[in-house]
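Presented below is the structure to which this report refers.
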Amino acid sequence: MPDKQQELRDHVLHVLKGGGAHATLEQAIKDFPEKLRAQKVKGLPHSAWMLLEHIRIAQGDILEFSRDAKHKSPAWPEGYWPESPEQPSAAAWDKSVRQISQDLKAMEELVADPKTDLFANLPWGDGQTILREALLIADHNAYHVAQIVDLRRLLGAWKE
């Protein structure tokens, strides 16, 4: 008989890694011109830097909430966006990308661990489960990665 729990874990891991019809963050930011990272486009409220930092902050918050009962989330909404929308240094951009990757890997490890009950309510939450939080990360990241791709298109910095 197939192990349905493992099949579910595999499906969740697939979407966390950007599988299916989604671009990955790595694809969206590959060779992103430094001079355009903080540039906004008329009609859109965020730059790529703002979106990248938002992904980092939100994903980190979801991960820590999922594994630490004492975690305190940032203030909504201002705590989920970068303190400064100004042009980031290359080091700041790279640090944000590394943190996103590390936190995503940590959530993947949590989902992949057979000891993790994907369906158990987190005792410190109000109905959240690891499954729900992992899917939230996948959904949230996909949404904002798509915004980065659209922004790059409008900036003339996306190669189809």
Pairwise centroid distance, computed over Cα atoms, of the stretch 36-54 with the stretch 75-151, Å:
18 Å
Taking the Cα atoms only, what angle lies between the long axis of helix 48-67 and the longest principal axis of the chain, rounded to 10 degrees?
20 degrees
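Sorting D61, D150 on the 10 Å Cβ count, fewest up front, what's the list?
On the way: D61 18, D150 14.
Ranked by crowding around the Cβ, least crowded first: D150, D61.
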Would you mind telling me which residue in A106, A23, A120 has the biggest mean-square fluctuation in a Gaussian network model of the chain, where springs connect alpha carbons within a distance under 10 angstrom?
A120
Count charges around P33 for me, please; just the other residues with Cβ under 14 Å from its Cβ, Lys/Arg as +1, Asp/Glu as -1.
+4
Mind checking the angle between helix 130-154 and the chain's longest principal axis? C-alpha axes, 0 to 90 degrees, to the nearest 10.
20 degrees
Mean-square fluctuation maximum in Gaussian network of the chain, Cα pairs under 10 Å, restricted to D139, D126, D103, hits D126
Lys pairs under 24 Å by Cα in the stretch 33-160, provided they are eight or more residues apart or on distinct chains:
11
The long-range amide H neighbours of G18, using H built 1.01 Å from N in the peptide plane and a cut-off of under 5 Å, are none
Under a 10 Å cutoff between Cα atoms, tell me which one of E78, E64, E26 has the largest fluctuation in the Gaussian network model of the chain.
E78
Degrees separating the helix 4-16 axis from the principal Cα axis of the chain, which is the longest one:
10 degrees
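Quick note: the coordinates plus some simple rules give every number you see, no bench work behind them. Remember, it's a predicted structure, so these values are computed and weren't measured experimentally. Here Cβ is always computed from backbone atoms with ideal geometry, including for glycine, and neighbour counts include all displayed protein chains.
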